[in-house]
Structure formats: structure tokens, C-alpha cells
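The values are calculated or read from the model by the stated rules, or taken from the named source; none is laboratory data. Nothing here was measured: the structure is a model prediction, and the numbers come from that model. All Cβ positions, glycine included, derive from the backbone under ideal geometry; neighbour counts span all protein chains shown.
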Amino acid sequence: MIQGGKFADAADVAKWSLTFPNPSNTALWVWDFTNSKATFTAKGWDRNVMYQEVQVVQGRKYKADAVVSSKGVSDSWFEIYVGYTKPTANNDYTGMETIQRG
């Protein structure tokens, strides 16, 4: 269902929307195609949103997972949300349900 989640190449990255820069407008996403991962670097309260719109079937159960790691994190976190509306710039997204938080 989710496409491009392995970040294996530029085609995978193109399946994600990355439209909300942090307040300092620096590029914080780095794509490592050799190791199939995305790295997000932030300081202070910098933020960014990576999302993908998918169609679901009512009543069907779905599972979301991710391999996430951090090093020296302060004032930052990672969340997976499921919701009915697209994220908007400069607003916290609460979705309908928090799937994973760390």
C-alpha cells in the first residue's frame, strides 16, 4: 500500500510529499540510496513532514511499521499518523490515530 518506503532510489523518494520546510528553510532530508534510508537532521524545534496519500477500505485492518533510530535527540520526535486530511504548513498534525511515536 505505501510505496517507496525502502528509499532505494529517486523513484521511491518521488512517491512522498515533502512540502513543509522547517522555520529556517534548510534542507533537512538526506537520501542514502546505498543503504536505503532517509536521514532527517534537526536542531531545536525544527520540523518537517513526509507524507503519502493512500486509499483504504472501510473495516479492513492495516499495519504500519518503520525502522527509526536517533542519536543525540533533543526537542525532536518521530510520529506515524493516520488521518483523513492532508497536513498543512505550520500546524501540528494529529490525524485520527497515532500509530507509532518515538
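Details
- Residues in the range 8-35 that are assigned to a loop (DSSP other than H, G, I, E, B), modelled with pLDDT under 85 and either surrounded by 13 or more Cβ atoms within 10 Å (Cβ to Cβ) or at positive phi (or both): P21, N22, N25, L28.
- Here F78 does not qualify as surrounded by 12 or more Cβ atoms within 10 Å (Cβ to Cβ) and at pLDDT 85 or above.
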